[in-house]
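One structure below.
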Amino acid sequence: MGKRHDAIGIKQAIRFEWMQKAANLVLAGLDVKAIRLELDEYLSDRMGSGVRGDRSAVARSFAVSLLMRIWVTPDPVLHHLHTGLLDYIARGNGQEMLIHWAMISAAYPFWFNVARQTGRVLALQEQITLKQIKSRIVEEYGDRQTVTRNVQFVVRSFAYWGALNESVAVGCYEKATPVKVVNDDLAILLIESALHALPEAKAEIRLLLNNPALFPFQIPTMNGDFISQRNAHVDVIRYGLDEEILKLKDQ
């Protein structure tokens, strides 16, 4: 596991519009320093809850650093994914939630893992509690206060993004209607992001297409050849009669 997979990192709820802002600043051609300053000013009075008011310098710095690591200065291994996803934002064809979900999942696999546990429970029942998600993540990351607190931030972000609907009961959520992915190449970038989120950078294709971490989306059915032919960074390995594994090249 690399540093991305070890890190928890998400120390506050992340608003969808913050992600849009960061990506648009990159597309505008600003340099890294200018983007950091713009984000710092933008977040000076924006809370994770959506309320406007003065934020502490520490809280603002955490948010800016997180956005920078996702959209501005991501891990070099994410270069192809980053470029491809930015291109879709530039085209203005919609499906922005998928684009941001893919990039934050790859940059912060903790997000992906919280989503995976959330999706697993929602596949079995209509509602999920924050307590259920926390208990599952603690089994994976250990029983630390940082873990449980950051799970709460991620789940709140899911709700703010529209991936979950808040229930009448406090700390209880319901699955929102999945977003249908209408573009095959964008769906493949989402699959690539899932591979980046996995420490081993590979998985059976059927497990990727139905990965519970992608619960907010309805992904089209496709085979390994189709994916590898349309994405030069993903390779397909066949075994058995008709099983296929997808893996990132040079991983």
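A helix-only calculation puts the chain at -16000 deg cm²/dmol for mean residue ellipticity at 222 nm, using -39500 (n - 2.57) for each DSSP H run of at least four residues, averaged over all residues. The label point for Ser61 and the one for Val168, both projected 7 Å from the Cα toward the Cβ, are 4.5 nm apart. Comparing Ala176, Ala115, Ala28 in a Gaussian network model of the chain (Cα springs below 10 Å), the most mobile by mean-square fluctuation is Ala28. Of Lys131, Lys180, Lys33, the residue with the greatest mean-square motion in the GNM of the chain, using alpha carbon springs below 10 Å, is Lys33. Labels on offer are (1) 47, 17, 15; (2) 28, 23, 17; (3) 60, 22, 15, and the one holding semi-axes √(5λ) of the Cα gyration tensor in Å computed from this structure is (2).
The residues packed around Arg4, meaning those with a beta-carbon under 15 Å from its beta-carbon, carry a net charge of -2 if Lys and Arg are +1 and Asp and Glu are -1.
If a spin label sat at a point 7 angstrom from the Cα of Ala28 along the line to its beta carbon, the backbone N atoms of the range 68-100 nearer than 18 Å would be those of 68-73, 86-87, 89-92. Gap in Å between the Cα centre of the range 220-249 and the Cα centre of the range 167-181? Distance between centres, Cα-based: 31 Å. Each of Asp87 and Ile237 was given a label point 7 Å from its Cα along the Cα-to-Cβ line. The distance between the two points is 2.7 nm. Its Cα centre serving as origin, the chain has a Cβ charge dipole (Lys and Arg +1, Asp and Glu -1) of approximately 720 debye. Look at the dipole of the range 78-209 built from charges on Cβ: of Gly119, Thr83, Ser167, the Cα furthest out on the positive end belongs to Ser167. Pairs of Cα atoms nearer than 8 Å and 6+ residues apart set the relative contact order; for the chain it is 21 percent. If the chain linking Glu140 and Lys3 were pulled fully straight, counting 0.36 nm for each residue of separation and taking away their Cα-Cα distance, it would gain 47.7 nm. A straight chain from Gln218 to Ala176 at 0.36 nm per residue would run longer than the Cα-Cα distance by 13.9 nm.
Of all the options Arg55, Arg91, Arg46, the one that moves most in a Gaussian network model of the chain with Cα springs shorter than 10 angstrom is Arg91.
For Leu186, neighbours were defined as the other residues whose beta-carbon sits under 13 Å from its Cβ, and their charges (Lys and Arg +1, Asp and Glu -1) total -2.
The stretch between Gln125 and Ser49, if pulled fully straight at 0.36 nm per residue, gains 24.7 nm over its current Cα-Cα span.
Where a number appears in this text, it was derived from the coordinates with a stated rule and is not lab data. What you see is a predicted model, and the numbers here were worked out from it, not measured in a lab. Heads up, the Cβs are rebuilt from the backbone with ideal geometry, glycines too, and the neighbour counts pull from every protein chain shown.
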